[in-house]
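**Q** First the structure, which I've put down as structure tokens, then a few questions once you've had a look.
The values are calculated or read from the model by the stated rules, or taken from the named source; none is laboratory data. If you're wondering where the values come from, they're calculated on a predicted model, not measured in any experiment. Methodologically, a virtual Cβ is constructed for each residue, glycine included, from the backbone with ideal geometry; neighbour enumeration extends over all protein chains shown.
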Amino acid sequence: MRIIAIDLGLKRIGLAYTAEGTIVTPLPAVERRNRHQAAAEVNACISEWKAEAVVIGIPMGGSSEEEMRRRVAHFMNLVAFEGPLYYQDESESSLEAQELMRGVMKQKRDGRIDSLAAKIILDRWLLTQEAEKYM
């Protein structure tokens with residue numbers, strides 16, 4: 001199944017892709033100027049990669065989970081994706097992405113870390129799906 005992962009941020013939206021659920025590739029991030037522009041660009045990415053499902057990161061278990069689910073639902077309504085939408089805990093994904101990039105490159109605000117965070121979110125979701133097969 002072709003899947004796009006989204007790390008939804010206020011300034012940038014990180015994106016990642018997998019075709020078969022094995023190799024996850026970060027995609028160029030979307031610079032968020034306004035929500036309609038961002039939703040249109042995410043929708044174009046979903047269409048370009050022919051994604052059949054979307055995994056979106058949210059912080060789970062904290063006091064902000066309900067508010068973030070509401071914001072994500074609103075954004076995804078703007079995207080108008082009609083396939084399955086899955087939530088994955090994004091806790092520490094941006095921090096983990098920064099750690100992975102430390103020493104590799106000077107940290108630019110070009111979205112690489114955001115898309116690496118989306119890759120981490122999708123990797124986690126895929127691991128969860130694989131683990132559920134054996135339960």
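**Q** Within the range 81-126, count every residue that is under 24 Å from Ile46 (Cβ atoms), modelled with pLDDT of 65 or more and either exposed (fewer than 11 other Cβ atoms within 10 Å of the Cβ) or of a type in the set (D, E, K, R) (or both).
**A** 8
**Q** Which of the residues belonging to the range 38-61 are surrounded by fewer than 18 Cβ atoms within 10 Å (Cβ to Cβ) and either within 17 Å of Ala117 (Cβ to Cβ) or touching a Gly at 6+ places or on another chain (Cβ under 8 Å) (or both)?
**A** Of everything in the range 38-61, those that are surrounded by fewer than 18 Cβ atoms within 10 Å (Cβ to Cβ) and either within 17 Å of Ala117 (Cβ to Cβ) or touching a Gly at 6+ places or on another chain (Cβ under 8 Å) (or both) turn out to be Glu52, Ala53, Pro59, Met60.
**Q** May I pose another question? Quick check on my filter: what residues within the range 25-37 are crowded, with 22+ Cβ neighbours inside 10 Å and either of a type in the set (Gly, Ala, Ser) or over 13 Å from Leu78 (Cβ atoms) (or both)?
**A** Listed by number, the residues that qualify are Pro26, Ala29.
**Q** One residue is enough: does the range 82-92 have a residue meeting the conditions in contact (Cβ under 8 Å) with a residue 60 or more places away in the chain and more than 21 Å from Ile113 (Cβ to Cβ)?
**A** No, that holds for no residue.
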